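Structure first, then comments.
The values are calculated or read from the model by the stated rules, or taken from the named source; none is laboratory data. What you see is a predicted model; the values in this text were computed from it and never measured. Ideal geometry is used to build each Cβ from the backbone, glycine not excepted, and the neighbour counts take in all protein chains shown. Each accessible area value is taken on the protein alone, full model and side chains, heavy atoms only, with ligands, DNA and RNA left out. Shrake-Rupley method; radii C 1.70, N 1.55, O 1.52, S 1.80 Å.
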Amino acid sequence: MEVLQRRVLRDGKSVNILVEQLNHVSIPYRVKAATELGKLHHPLAVSALIRSLSDPQSDVVFVVIKSLGAIGDPIAVEPLIGCLDGADRWVRRGVAAALGEIRDPIAIPALSELLQDERADVRAAAAEALGKIGDPSVADLIRPLLADEKDKVQDAAWEALRVLSERTEG
């Protein structure tokens, strides 16, 4: 049923309804609309989701970030990076993950800064994202995380370095 629903939603009218729902007064409506737009990969979705990055509710913003990552359009990289200023840890972590899904090297400086974040989950997400982007020049930035005090950060660093080495070898 869900596949059929997505096929129906891909037409312009249905996407427009979801875009309108991003401005609904109810938080659950906005969350659901952002989630569905992330699944559709429709061209109208990216610009609407980028506008929703300024939603006053961090729950909505987190889902919007996740949806932009799922769509993977590089046009979202700069707006996502812009969300990092003064953001809470969940937004920082979400932005790192989304940038990793988009895999645009433009995100490397912002992700490199997140490697120094106070929160372990943010550092881990940044390391994973850098690994996914696949630029071997970031290996030297990731290596110090192998000695991080948190196991999840060490594990993420190992995985990122593994991915990078596979890309340079293969």
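When E113, E128, E118 are checked against the criterion of being more than 14 Å from the chain's Cα centre (by Cα), more than 24 Å from S47 (Cβ to Cβ) and assigned to a helix (DSSP H, G or I), a single residue qualifies: E113.
Does segment 61-77 include one or more residues that are out of contact with any Gly (no Cβ under 9 Å at 6 or more places or on another chain), among the charged types (D, E, K, R) and in a helix (DSSP H, G or I)?
The initial filter retains those residues of segment 61-77 that are out of contact with any Gly (no Cβ under 9 Å at 6 or more places or on another chain), namely 72-75, 77.
With the extra rule that they be among the charged types (D, E, K, R), the set shrinks to 73.
This time we only want the ones that are in a helix (DSSP H, G or I), so: none.
No, segment 61-77 contains no residue that is out of contact with any Gly (no Cβ under 9 Å at 6 or more places or on another chain), among the charged types (D, E, K, R) and in a helix (DSSP H, G or I).
Here segment 25-43 is the region considered, the condition is being open to solvent by 50 Å² or more (accessible area, probe 1.4 Å) and closer than 17 Å to P74 by Cβ, and the residue that is nearest to the chain's Cα centre (by Cα) is H41.
When L84 is tested against (1) in a helix (DSSP H, G or I); (2) open to solvent by less than 40 Å² (accessible area, probe 1.4 Å); (3) within 25 Å of A156 (Cβ to Cβ); (4) not hydroxyl-bearing (S, T, Y), exactly one condition is not met: (1).
Please verify whether segment 54-73 includes one or more residues that are at pLDDT 95 or above, closer than 27 Å to P144 by Cα and crowded, with 19+ Cβ neighbours inside 10 Å. Yes, that holds for at least one residue.
Could you please let me know if A76 is more than 9 Å from the chain's Cα centre (by Cα), modelled with pLDDT under 95 and surrounded by 16 or more Cβ atoms within 10 Å (Cβ to Cβ)?
In short, no.
Please verify whether R103 is within 28 Å of D55 (Cβ to Cβ), basic (K, R), within 13 Å of the chain's Cα centre (by Cα) and surrounded by fewer than 22 Cβ atoms within 10 Å (Cβ to Cβ), treating the condition exactly as stated. Criteria met by R103.
Here P56 passes the criteria (1) under 23 Å from V153 (Cβ atoms); (2) not in a helix (DSSP H, G or I) except the one numbered (1).
Taking the condition farther than 27 Å from K32 by Cβ, at pLDDT 95 or above and in a helix (DSSP H, G or I), does D155 pass? Spell out the reasoning first.
Numbers: farther than 27 Å from K32 by Cβ: yes; at pLDDT 95 or above: yes; in a helix (DSSP H, G or I): yes.
Against the criterion (farther than 27 Å from K32 by Cβ, at pLDDT 95 or above and in a helix (DSSP H, G or I)), D155 qualifies.
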